[in-house]
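Reading through the structure tokens given below for one structure.
The values are calculated or read from the model by the stated rules, or taken from the named source; none is laboratory data. In this text the structure is predicted, and so the values were computed from the model without any measurement. Don't worry about glycine lacking a Cβ; one is built from the backbone with ideal geometry, like all the others, and counts go over all protein chains shown. Just so you know, the surface numbers come from the protein's heavy atoms only, side chains and all, with ligands and any DNA or RNA stripped out. Shrake-Rupley method; radii C 1.70, N 1.55, O 1.52, S 1.80 Å.
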Amino acid sequence: MSNKLGIFLAGGAVGAMAALLCAPRTGQEARTMVAEKVNEAWGQAQNISADAGVNAQQVYQSAAVRGQEVVSSVQAKGQEVAGQAAARVQEVANNLKPSFTQDNDELRDKIEAARQRIASQVAKNAEETGQVAEEVVEAVAEAVEPAAEAVAEAAEQAEEPKAE
């Protein structure tokens, strides 16, 4: 685009020179008129460049302000999202605690029930073992009783001959 503008300005300058050379003025008048036109064009160029500088400064400041607004907005949105995420995590944690507590209580109840079953089974086994032991002792006592009587008789007989 600037190349087209440069060609346009060069064409305008060539046309102006041709017009000056063909004009019915004296050299002094033509030089004065050219100097005025150049000074006028130079002043306009300076005004345009000053305006462009001011406009560029305004655009830069506007962009900086808008950028700061965007940064602040993104930062605020990020904090909001982080807060929501933290609240959601806390909510899920709070919902899980009763579940874990309930599961723990159920597990403790099951363990206690198993302990009671084991204790009653051990007591039952001990009672049965005690009964079997009593039966064995009675059976042994009954089996040993005739032998004990025989030993007692033999002991009595063995004492009787000494007494004679």
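Report yes if some residue within the stretch 76-86 is modelled with pLDDT of 85 or more, part of a helix (DSSP H, G or I), within 27 Å of the chain's Cα centre (by Cα) and of a type in the set (Lys, Arg); otherwise report no. Among the residues of the stretch 76-86, at least one is modelled with pLDDT of 85 or more, part of a helix (DSSP H, G or I), within 27 Å of the chain's Cα centre (by Cα) and of a type in the set (Lys, Arg), which makes the answer yes. The condition of being small (Gly, Ala, Ser), at pLDDT 80 or above and either surrounded by 10 or more Cβ atoms within 10 Å (Cβ to Cβ) or within 60 Å of the chain's Cα centre (by Cα) (or both) does not hold for residue 30.
Would you confirm, using the coordinates I've provided, whether residue 56 is open to solvent by less than 100 Å² (accessible area, probe 1.4 Å), within 25 Å of residue 9 (Cβ to Cβ), out of contact with any helix residue (DSSP H, G or I) (no Cβ under 9 Å at 6 or more places or on another chain) and at pLDDT 80 or above? Yes: the conditions hold for residue 56. Applying the set (1) open to solvent by less than 70 Å² (accessible area, probe 1.4 Å); (2) polar (S, T, N, Q); (3) modelled with pLDDT of 85 or more to residue 99 leaves exactly one unmet item: (3).
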